[in-house]
Amino acid sequence: MTRHTTTPESGAGGPGGLPPRASRAPGDSEVSLLSAALAALEAVRDPELDEPITTLGFVASCTVSAAGGAEVRLRLPTYFCAPNFAFLMVADAYDAVSAVPGVRKTEVVLEDHFAADAINGGVAARAGFARTFDGEAVGELHDLRADFLRKAVMAGTDQVCRPLLAAGTSPAGLPGMTLGDVPPSPALDRLRQRRAELGLPSGDGAPLLIDPATGVRISGEAIPLHLRRARTTRISIEANGGICRGMLRHRYDSAGLKPAVLGEEENSEGGPAACLSSATSDRGGARAER
Amino acid sequence: MYEKNGEKYFVVDGHMHYWNAAPDNWVPGAEQYAKGWIECFHAYMGLGPPETHWTIEHFQKYSEDDLMKDVFEDGYVDVAIFQPTYLKEWYKEGFNTTERNALMGERHPGKFVYNTRWDPRDGDEGLKVLRQNVERFGSKGCKLYTAEWNNGSRGWKLTDPGSYRYLEACQELGIKNVHVHKGPTIWPLDKDAFDVADVDHVATDFPDLNFIVEHVGLPRIDDFCYMATQEPNVYAGLAVAIGALMHARPRFFARVMGELLFWVGEDKMLFGSDYAIWEPKWQVEGFVDWDFPDSDDFADYPRLGVAGKKKILGLNAANLYGIDVPAEYQLKDGGTPGAHEVLAGQPEEHAVSGA
């Protein structure tokens with residue numbers, strides 16, 4: 001059986017691992033299927049960090065066969081990363097790749113994790129979280145996911161509001177604004193998307209500042225605290241992302257599969273994938289012996 | 001003691017370890033967890049300056065001499081607080097127990113504070129051991145790791161009924177300081193194991209205890225900050241915040257410090273090196289030199305001056321633990337004494353336990 005694989009090593013032809021290259025020239029259909037599978041993976045996010053698993057370096061490899069069999073291997077910054085979030089990423093990757101037209105069979109393998117066997121088996125059997133961790137969990141992960149989407153909305157609020165404030169809008173002016181009043185930006189698109197996922201208003205007429213738990217507009221005395229919390233949430237997520245990246249880099253020498261448009265040149269301010277890798281370089285990569 | 005620009009800093013390392021994570025201490029059948037745990041710790045070390053990195057072999061098991069040199073001789077620490085982590089399901093003798101710490105520490109009088117630990121799932125037997133540890137080692141603090149695995153259970157919350165019995169015992173036994181460290185697992189597994197809401201509850205229910213949230217609640221700094229700002233007896237343990245960010249991600253470090261200074265305040269932040277994950281030397285030096293980057297992004301955060309750094313590096317912890325601080329290290333005029341109002345101005349009868 002012919003398989004076409006892209007791994008950080010074999011796919012080193014392009015800056016982000018794309019376009020894929022293999023020793024044996026693959027057929028056009030295989031290449032396009034692989035591209036489609038990778039594009040699907042870009043839509044899978046780490047729910048805690050609110051960032052695609054591809055830009056985080058969590059996708060170790062992706063393989064497709066001419067027969068439509070896809071295998072994705074995922075890896076995380078530590079052996080003990082929280083099993084509930086790990087499960088969500090494996091399950092979401094499974095769903096995303098399975099939905100690609102032409103993919104007939106999907107396997108997602110989480111590597112090097114204490115609960116890998118349980119998670120991989122549970123996702124493959126479509127067992128859900130509670131059955132996968134029978135006796136150790138009481139429910140599925142919808143609430144957990146929603147909690148972290150609300151954090152993403154708070155962080156996104158800071159990302160959208162900070163440039164407005166810097167450009168001269170007063171904090172008192174923000175609650176009167178709607179999403180349609182904000183100049184277009186990737187951060188705004190992302191905020192709308194996260195709000196829509198939660199079922200919160202996300203159209204042009206929707207208020208810019210809302211309580212992510214209730215959807216109610218923020219106004220009056222609540223504004224300064226809301227903005228402070230938005231910033232704190234963003235910083236918390238970004239700091240975690242920075243630590244996760246450093247840990248992953250220590251654990252694995254390779255960069256992982258990344259979409260070509262997003263390389264290492266991320267910036268600490270603004271931008272869609274934001275913030276998560278600061279402009280100051282991560283200097284934790286090199287290792288000295290003692 | 002650390003001195004810079006004529007200022008003298010009394011250094012209390014509020015969070016450090018003396019562990020044995022070498023293969024000779026791995027529980028048969030649980031080797032993968034023992035190995036995974038120490039490799040995870042070692043990866044954290046990778047976030048510090050390259051010249052301070054150790055080999056994994058050295059990191060698994062370092063000697064008493066290594067610790068004394070790294071922490072006291074080179075690392076400027078005056079008093080170090082041992083925070084035990086047992087993990088006996090993975091490590092035969094435990095990862096670092098109260099006993100292991102104290103047996104080593106008793107050869108160095110006055111240098112260490114021996115915190116103990118408890119786990120509500122250990123029931124009556126655990127309560128007995130807690131009493132014994134307080135008697136033997138004079139523990140005035142305890143370290144709680146809520147993600148510890150215990151007989152098929154992957155973790156617990158401070159609000160569990162069993163936990164209240166232990167918190168009541170802490171009050172009765174004179175344990176003042178409860179260090180809380182959250183990890184990746186809990187029961188049930190579908191909940192966020194890092195959630196700090198349980199600390200909020202018990203801090204309200206036990207106003208005479210101090211709750212030091214280790215690693216500033218990482219990865220939930222945001223939740224921790226909102227909680228800490230409302231609870232007078234909740235403190236921020238800076239271990240990991242400094243070690244993982246100050247060198248590797250200086251701008252994030254500045255943001256995190258800004259948030260902590262805003263929500264928690266310099267009177268309630270405690271330095272901890274998390275040795276042997278990171279050596280204290282570079283952390284103390286870097287922290288004393290640290291300031292916000294010169295940028296509008298940081299303009300509205302509270303500033304941190306020499307007095308604030310003195311509090312965070314040692315005076316706050318000294319207050320919480322009743323550690324005598326010589327006059328030359330005390331704040332001169334201008335700085336507030338810091339730390340807990342209940343303890344401030346009421347010197348404890350005991351000096352450093354084990355002294």
Between segment B:271-316 and segment A:24-101, the Cα center-to-center distance that results, in Å
40
Net charge near B:Ala22: determine it from the other residues with C-beta under 9 Å of the C-beta of B:Ala22, scoring Lys and Arg +1 and Asp and Glu -1.
-1
Sum -39500 (n - 2.57) across every DSSP H segment of at least 4 residues in the protein assembly as shown, then divide by the residue count to get the 222 nm mean residue ellipticity, nearest 500.
-11000 deg cm²/dmol
Residue separation times 0.36 nm, minus the C-alpha to C-alpha distance between B:Lys128 and B:Gln32: what's the value?
31.4 nm
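Based on the Cα coordinates of the protein assembly as shown, what is the per residue volume of their convex hull in Å³?
Working: hull volume 104.4 nm³, N = 645.
Taking the convex hull of the Cα positions in the protein assembly as shown, it is 162 Å³ per residue.
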Name the long-range amide H neighbours of B:Phe211: under 5 Å, sequence gap of 5 or more, or other chain; modelled H, no Pro or chain starts.
B:Val178, B:Val234, B:Tyr235
Considering only B:Lys268, B:Lys92, B:Lys310, give the residue with the highest GNM mean-square fluctuation for chain B, with springs between Cα atoms whenever their separation is below 10 Å.
B:Lys92
For a paramagnetic label modelled at 7 Å from the Cα of A:Arg217 toward its Cβ, which residues of segment A:181-209 fall within the zone defined by backbone nitrogen distances under 11 Å?
A:206-209
Just need the Rg to Rh number for segment B:8-329, please, alpha carbons only, Kirkwood Rh.
0.94
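Based on the Cβ-Cβ distance of B:Lys8 and B:Arg165, what FRET efficiency does E = 1/(1 + (r/R0)^6) give at R0 = 51 Å, to the nearest 0.05? Let's see the in-between values first.
Details: r = 43 Å, r/R0 = 0.85.
According to the calculation, E is roughly 0.70.
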Under a 10 Å cutoff between Cα atoms, tell me which one of B:Leu315, B:Leu270, B:Leu209 has the largest fluctuation in the Gaussian network model of chain B.
B:Leu209
Please sort by residue number the trypsin sites (Lys or Arg not before Pro) in segment A:52-139 whose DSSP state is loop and whose Cβ has at most 15 other Cβ atoms within 10 Å.
A:Arg104, A:Arg126
Mind listing the phi-derived Karplus ³J(HN,Hα) values for segment B:51-58, rounded to whole Hz, using 6.51, -1.76 and 1.60 with θ = phi - 60°, and x for any glycine or proline?
5, 9, 6, 10, 6, 5, 5, 5
I'd like the distance between the alpha-carbon centres of segment B:251-269 and segment A:134-203, rounded to an integer number of Å.
24
Determine the alpha carbon to alpha carbon distance for each of B:Lys4/B:Lys281; A:Lys151/B:Lys311; B:Lys182/B:Lys310; B:Lys92/B:Lys140; B:Lys128/B:Lys268 and list only those over 24 Å.
A:Lys151/B:Lys311; B:Lys182/B:Lys310; B:Lys92/B:Lys140; B:Lys128/B:Lys268
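No lab work stands behind these numbers, since they all come straight from the coordinates. Everything numeric here is computed off the predicted structure, so don't read it as measured data. When we count neighbours, we look across all protein chains shown, and the Cβ atoms used for this are built from the backbone with ideal geometry, even at glycine.
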